[in-house]
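Working notes, beginning with the structure itself.
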Amino acid sequence: MPSPLATLKLLKQLLKRTSRQSKKFDRYQQSFLSKLQHSSSGAVIEDLYDDCVEQLNELHFPIEDTLSEGRLIVSQSQLQLKKLSNLSEASTKRVNDSTQISPPYTILEHHTELTNIIKIYQRVVIELNKNKNIQSSAHDDAPLIANICDELQQVILDLDVGRSYSKKLEEIRVKISNEEDPLLLPQYCLQIISIIIDSNREERRSSRHFLYTLNDSLTQFYLDFAKNIKQAENSFKDQEECVKSIQKQSTALKKVTVESKDLLTLQKHIYDYVYNVEQMILARESTKEQQVRHQFQGMVRQIKELQNETKNYQKTLKHQSQQLHVDFLTKIPNRAAWSERLQIEYTRYKRYEHPLTIAVIDIDKFKVINDTFGHLAGDKVLNVIAQTLQKLVRNTDFIARFGGEEFALLLPEITNQQSQIALEKLRCAIKNIPFKFKKQSISITISIGCTSFQKEDDIESAFERADQALYHAKSNGRNRVVNFDNSLVTS
């Protein structure tokens, strides 16, 4: 027979497993264990056991039914979650993983399964609400997102990077032009920033390499120059020794002349002296000429190498400077080049007061072209129109892409009437270009606003008048040239 203490411990552990089944029974078992612990009579203990059995019989535990019902709810929930098609990959994986778990047996395993499915439900609800808000926000912010896409494309076109990086940027620009998901825009921005950083690093490496090469060449040139100076000093020493030798022989000749009593002997001494002097001079001149020629050739070679390296670097800098001022898409001057040239022409105008006209050109209904035929078609229109305008303007004129579908034009040394004729010629030429997209022929037109600089003008005031004239042209039917000085000056 087990000891009463062991029996009491066993009962405590068993009754603990039935806790939280019924409040009434939980209170009873505490009283039962307390009485059992303090009872020593066998009859009393037996009565307590009998009473506990009756209490247990009265207690109903529908645990199997409850577990089966919970299992059915979990299975139905998993099927419903699988039917959702707009879940993220992470949520879809969690749902699929939950169906691969072995069926639970213990109460704890059932509890774990229910807890897991509840967590999945909570995550899915949050995700669906978030997607709903994003879609609603994207719909409300569509104009803003479209503007950001256009600005990003313009930034890409204005960037000055190497050819390999330009191709990558163009691929990103095409993706941005066709992108419908605004959440991907930050990713594209990060890619653009990464390309800019890589391009700057490559340019820095190239510049550093050139500077190191130039420094090495200058160092070598300095060393050779110092060597030539040393050789010149040695040459002076040799010359000094030669002079001393001549003086020594001259002194000896004088002595022989005084002491000589035979004319033939004196003649021989004089001849030998003159011959030795001539040989010394010839040897000296030959050595000096060879040294000078060798030194000169070496210095000329180094100078030519430095010149070639400098020219190559100047060529690279010139190319980069040109690229910095060229629009990537249309291959005509960009806004930076426009600002620089405008300042030059304005300064010349203020100095000489010769006529100067400024015009702003805008492609009519360009957004419709993009929306109808796609951004690639829009790019083609921009390129064709830009090239046409550049071919038609004079060599002294300056046209640039100002931004988006706008171009800016400077016409120096031209009157109002002449500028009107020239701009009408541009308008008609663009209208007559046979554009064709998706087997559909369309006519594309431009509107132009212009004005002439006045004495009291600064750059901003003149450009603002030209822009007002362009607005007037767009508001009155498009496909026309409006000169602010002629049409709006009285308004």
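The values are calculated or read from the model by the stated rules, or taken from the named source; none is laboratory data. Keep in mind that what you see is a predicted model, and the values were worked out from it rather than measured. Every residue, glycine among them, receives a Cβ derived from its backbone with ideal geometry; neighbour counts consider all protein chains shown.
Listing for the model above:
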read-out	value
Qualifying position, being within 16 Å of Ile369 (Cβ to Cβ), assigned by TED's automatic domain parsing to the domain that holds Gly378, of a type in the set (Gly, Ala, Ser) and surrounded by fewer than 14 Cβ atoms within 10 Å (Cβ to Cβ), among Ser443, Ser447	Ser443
When residues of segment 420-438 are limited to those that are in a loop (DSSP other than H, G, I, E, B) and under 37 Å from the mean Cα position of the chain (by Cα), the one nearest to Val482 (Cα to Cα)	Ile433
Failed item, numbered, when Glu464 is tested on (1) touching a residue at least 60 places away in the same chain (Cβ under 8 Å); (2) within 29 Å of Ile344 (Cα to Cα)	(1)
Among the residues listed as Glu151, Glu171, Glu241, the single one being at pLDDT 70 or above, closer than 30 Å to Asn276 by Cβ and assigned to a helix (DSSP H, G or I)	Glu241
In segment 339-369, the residues that are of a type outside the set (Val, Ile, Thr), surrounded by 13 or more Cβ atoms within 10 Å (Cβ to Cβ), in a helix (DSSP H, G or I) and touching a residue at least 24 places away in the same chain (Cβ under 8 Å)	Arg341, Leu342, Glu345, Tyr346, Arg348, Tyr349, Phe366
Within segment 396-421, considering residues that are touching a Leu at 6+ places or on another chain (Cβ under 7 Å) and surrounded by fewer than 21 Cβ atoms within 10 Å (Cβ to Cβ), the one nearest to Gly378 (Cα to Cα)	Asp397
Which numbered condition Ile176 misses (of (1) within 24 Å of Gly403 (Cα to Cα); (2) surrounded by fewer than 14 Cβ atoms within 10 Å (Cβ to Cβ); (3) modelled with pLDDT of 75 or more)	(2)
Enumeration of residues in segment 36-46 that are without any contact (Cβ under 8 Å) to a residue 12 or more places away in the chain and either of a type in the set (Gly, Ala, Ser) or under 18 Å from Phe25 (Cβ atoms) (or both)	Ser39, Ser40, Ser41, Gly42, Ala43
Flag for Ile192 being of a type in the set (Val, Ile, Thr), without any contact (Cβ under 8 Å) to a residue 40 or more places away in the chain and part of a helix (DSSP H, G or I)	no
Condition check for Ala377: in a helix (DSSP H, G or I), at pLDDT 95 or above and hydrophobic (A, V, I, L, M, F, W, C)	no
Criterion violated by Leu382 - all others in (1) within 21 Å of Ser475 (Cα to Cα); (2) modelled with pLDDT under 95 satisfied	(1)
Among (1) more than 18 Å from Ile399 (Cα to Cα); (2) aliphatic (A, V, I, L, M); (3) out of contact with any Ser or Thr (no Cβ under 8 Å at 6 or more places or on another chain) - the single one Ile446 does not satisfy	(1)
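Yes/no matrix, rows are residues, columns are (1) surrounded by 11 or more Cβ atoms within 10 Å (Cβ to Cβ); (2) more than 30 Å from Asn131 (Cα to Cα); (3) touching an Asp or Glu at 6+ places or on another chain (Cβ under 9 Å); (4) at pLDDT 80 or above:
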position	(1), (2), (3), (4)
Gln29	yes, yes, no, no
Asn57	no, yes, no, no
Leu67	yes, yes, no, no
Arg94	yes, no, no, yes
Ser102	no, yes, yes, yes
